Amino acid sequence: QVQLVESGGGLVQAGGSLRLSCAASGRTLSTYPMAWFRQAPGKEREGVAAINWSGSNTLYADSVKGRFTISRDNAKNTVYLQMNSLKPEDTAVYYCAAGSYDLVATTAYSYWGQGTQVTVSS
């Protein structure tokens, strides 16, 4: 069993930056591909970024390419999402997930965190 805890969310002005962290406990993350998803009010959960187990390959949604960077530190059992040039439309609850390398199939993920709120003001 893997427990995931996100942190680093908050309120930021448009153009600002935030760094989200996802810390795992229970089992090592090093064998799991990981991803970040987000869900805005009234919208479906959408994939933002994914990273393979070693960190050598990444995927990004078109809406965040060039602004967000996913990374991982397997020694610290932690995955990160660096978010730069934030826009009001990035406002959502951000979730980390473990178990797949896919930005669409949420059912492919075995473990989810509880989410952290990111609010970008204009």
**Asked** Once the convex hull of the C-alpha atoms of the chain is built, how many Å³ does it hold per residue, rounded to a whole number?
**Response** 89 Å³
**Asked** At what distance in nm do the modelled label points of K76 and A108 sit from each other, each positioned 7 Å from its Cα along Cα→Cβ?
**Response** 2.7 nm
**Request:** Specify the residue with the greatest mean-square fluctuation among A61, A49, A97, computed from a Gaussian network of the chain linking alpha-carbon atoms under 10 Å apart.
**Result:** A61
**Length gained when the stretch S7-Q117 is fully extended (0.36 nm per residue, less Cα-Cα span)** = 38.7 nm
**Fill in**
The answer for GluC sites (Glu not before Pro) in the stretch 1-83 that fall in a DSSP coil and have at most 11 neighbouring Cβ atoms within 10 Å is E44
**Message:** Straight-line reach from K43: which aspartates and glutamates fall under 20 Å, measuring Cα to Cα and dropping same-chain residues less than 8 apart?
**Reply:** D62, E89, D90, D102
**Message:** Using only the heavy atoms of the protein chains and a 1.4 Å probe, how would L11, L59, L18 rank by accessible area, largest first?
**Reply:** L11, L59, L18
**Message:** If exposed means no more than 13 neighbouring beta carbons inside 10 Å and the site is in a DSSP loop, what's the longest run of the chain without any exposed trypsin sites (Lys or Arg not before Pro)?
**Reply:** 66-122
**Fill in**
With all protein chains present, the stretch 1-48 has a carbon and sulfur share of its accessible area (1.4 Å probe) in percent of 48 percent
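The values are calculated or read from the model by the stated rules, or taken from the named source; none is laboratory data. This is a predicted model, so every value here is computed, not measured. Every residue, glycine as well, gets a Cβ built from its backbone with ideal geometry; the counts of neighbours run over all protein chains shown. Note: areas computed on protein heavy atoms with side chains; ligands, DNA, RNA excluded. Shrake-Rupley method; radii C 1.70, N 1.55, O 1.52, S 1.80 Å.
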